[in-house]
Amino acid sequence: MSLYVDIKKRYKTFTLEVNFSNGDGTLAILGASGSGKSLTLKCIAGLETPDEGVIKSGDRTLFDSAAKINLAPRERNVGYLFQSYALFPHMTVWDNIAIAIRDRAADKTAVIKALLERYELTGLEKRYPAKLSGGQQQRVALARIFAYEPEILMLDEPFSALDSFLRENMQIELLRIIAEYNGDVVLVTHSRDEAYRICDKLLIMEDGFIRRGGGTKDVFADPGNVTAARVTGCKNISRIRRLSEHRLLAEDWGVELETDRKVEEHHTHIGVRAHDFSHTSSAANAIDVAVERVIEGPFEQTVLLSVRGGARENIWWICGRNEDVSGVDRVFLSGGDILLLTSGVVAPSRNVL
Amino acid sequence: MEFAPILISLRTASVAIVFTFVIGTWLAYAVYRTKNEIVRSIADALLTLPLVLPPTVAGFFLLYIFGVYRPLGSLLAQIGVKLVFSWPATVLAAVVIALPLMYRSAKAAFTQVDPIFLQAARTLGLSERRIAFRVLFPLASPGLMSGGILAFSRGLGEFGATAMIAGNIAGVTRTMPLAIYSSVSGGRMEEAYRYVVILVLVSFLFVWILNFVSDFRSKKYRLDAGRR
């Protein structure tokens, strides 16, 4: 199975221009709200119509503006898990699942019973959605989608309505479901953790464009541009001036740094993840700092550092909860942990994943 | 006081509401589904017009269409159907006058259904017809029912258009509102008083029931359960 998307849709103040093809595996679209990621999903499902372009699932053309092909949502064979699940409130769990089963299914009752069992809903079949917990609602929504046997499964912020404990459980649950499912999976999320855990491929969207695409682990290890660095959770970003092949000046911090990778002309920024600083193990780069503020979390502490010498920007540092950070005046940074970035407007013309 | 007007009124309103409900809901669904905004707004205005015009204007148009010397009226006459000044004309008048109420209630009810349920139904492969009957209409049912009751009550009280197209024939087309008019113009105030009391009580009963209809289904399930 594969998914090919090349579409444009214009609004008065927003343009969506998305171009990617996904060969195999699960794909996450990561971006802030308003970046166009849900709109992309709705265009694939046929709930929104692009102004122009092509959408293909395998050999099937779902949309082609030039050939005037625009399949109705029900002909597209796309399962869509809505953020709010969109269970029909006037139907019981049983009816919610039953309505999605295709007419050609031989024994509806048996199919429904199997689905109820598989999604641990046995005993709840006579309940109305309002009487179910969030996790149960999500399982009904999934059972309903799989009753329909879709070719592509699309998940639109599937965990945002769940509390954090349930969220972790459902993420594990979903990984199991995806492993058993042999269609395409597209996940839309603003959570980098979800994208990282669930999907092996990643697209990063901003303002209607794809800013970065690739294997999830590759993109997290080397975001490549400022947007991707931010969206993947890089807290420290500074403009740079290139000094030599392996040396640069981080302008916002006012420090010179050694890098392992070659600094190229098109590199305009660097990013450093907050975890990558250390105050104990010495590394290639030492930065003289003062502790401005310490924010204690349950498992780690976030430390705001000011760089000595009148730097414009502070540095975020995250370290273990038990570290004594009060007297820290110098942090170390390995040259391999410096992410070399281009400025945000580099949009790859074609994202073949 | 005669009982005939009471029976005629109830019979007229009961038969009329079947037509009003089906036609009004269908028109509302058709307008709701229309994507062209100009067509939609014109249709909306036309269908609301009988609500604001005097019923005599509706009566005038009905006479204009169904009068025995008009094309449609004479055609009906040829096959032996004389609509004007017959009992079915009271039904016709009640349907035309009550239709805007049903139409507007139904359209508002459809608009209030969260489109996400319709989108979900579409991605689950349901046909538009099935979506209408299994998802849209059930979710809009409190609004449809209150529209139906409103339209029924309006049909019960219809006077102007009925007088013009059905006349005031005792025992045939004399509904309660017409009976009240006849009684007053004949100086029989006592009789008019009784009809008035009955009409007010019956209408009150239905409008009162209206209050419970909107709560009726939501007790079993919350309509907003899809959003959390």
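Read the figures in this text as sums done on the coordinates, not as results from a lab. Just so it is clear, the model here is predicted, and its values are computed rather than measured. Cβ: placed from backbone, ideal geometry, glycine included. Neighbour counts: every protein chain shown.
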**Complete:** With +1 at each Lys and Arg Cβ and -1 at each Asp and Glu Cβ, the charge dipole magnitude of the protein assembly as shown around its Cα centre, to the nearest 20 debye, comes out at 2520
**Asked** For the protein assembly as shown, what does the alpha-carbon gyration tensor say about shape, rounded, prolate or oblate, given a ≥ b ≥ c as the root eigenvalues, a/c under 1.5 as rounded, and a/b over b/c as prolate?
**Response** prolate
**Request:** Pull up all non-local amide H partners of A:HIS246: gap of 5 or more, or a different chain, and H-to-H distance under 5 Å with H placed in the peptide plane.
**Result:** A:VAL263
**Request:** Could you give the DSSP H helices of chain B that reach 15 angstrom or more along their long axis (alpha carbon positions) and whose average Kyte-Doolittle hydropathy is no lower than 1.6?
**Result:** B:55-66
**Item:** Anisotropy class of chain B from Cα gyration tensor, a/c 1.5 cut
**Value:** oblate
**Prompt:** If each of A:ARG312 and B:VAL68 carries a label point 7 Å out from its Cα toward its Cβ, how far apart are those two points in nm?
**Reply:** 9.4
**Complete:** Amide H proximity to A:ILE29 below 5 Å, modelled H, separation 5+ or other chain, gives A:LEU187, A:VAL188, A:THR189, A:LEU203
**Request:** Mind giving me the nanometre distance, one decimal, between the label points for B:THR56 and B:LYS35, set 7 Å out from Cα along Cα→Cβ?
**Result:** 4.6
**Sorted by Cβ density within 10 Å, fewest first, the residues A:ILE295, B:ILE38** = B:ILE38, A:ILE295
**Complete:** Pairs over 25 Å Cα to Cα, from A:LYS108/B:LYS35; A:LYS37/A:LYS201; A:LYS12/A:LYS235; A:LYS8/B:LYS107; A:LYS8/A:LYS56, come to A:LYS108/B:LYS35; A:LYS12/A:LYS235; A:LYS8/B:LYS107
**Request:** Provide the percentage of antiparallel DSSP beta bridges, counting only those with both residues in the protein assembly as shown; round to the nearest 5.
**Result:** 70
**Request:** Would you order A:LYS9, A:LYS108 from fewest to most other beta-carbon atoms within 10 Å of each residue's own beta-carbon?
**Result:** A:LYS108, A:LYS9
**Prompt:** FRET efficiency for B:GLU128 and A:THR15, Cβ-Cβ distance as r, R0 = 25 Å, nearest 0.05?
**Reply:** 0.25
**Item:** Amide H contacts of A:ASN225 (H built 1.01 Å from N, under 5 Å, at least 5 apart or other chain)
**Value:** A:THR342
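Give me A:ARG144, A:ARG247 ranked fewest to most by other Cβ atoms within 10 Å of their Cβ, as a rough exposure proxy.
Result, fewest neighbours first: A:ARG247, A:ARG144.
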**Prompt:** So for segment B:4-227, taking the charge dipole from beta-carbon charges (+1 Lys/Arg, -1 Asp/Glu), which of B:TYR64, B:PRO142, B:GLY157 sits furthest toward the positive end?
**Reply:** B:PRO142
**Partners for A:LYS9 among aspartates and glutamates (Cα-Cα distance below 20 Å; same-chain residues under 8 apart left out)** = A:GLU17, A:GLU48, A:ASP51, A:GLU52, A:ASP64, A:ASP156, A:GLU206, A:ASP207
**Message:** Given a Förster distance of 51 Å, report the FRET efficiency between A:ARG330 and A:ARG104 from their Cβ-Cβ distance, rounded to the nearest 0.05.
**Reply:** 0.15
**Message:** Can you compute the helix-only [θ] at 222 nm over chain B? Use -39500 (n - 2.57) per DSSP H run of at least 4 residues, normalise by all residues, nearest 500 deg cm²/dmol.
**Reply:** -24500 deg cm²/dmol
**Dipole of the protein assembly as shown [Lys/Arg +1, Asp/Glu -1 at C-beta], most positive-end residue of A:ALA161, B:ALA30, A:ASN285** = B:ALA30
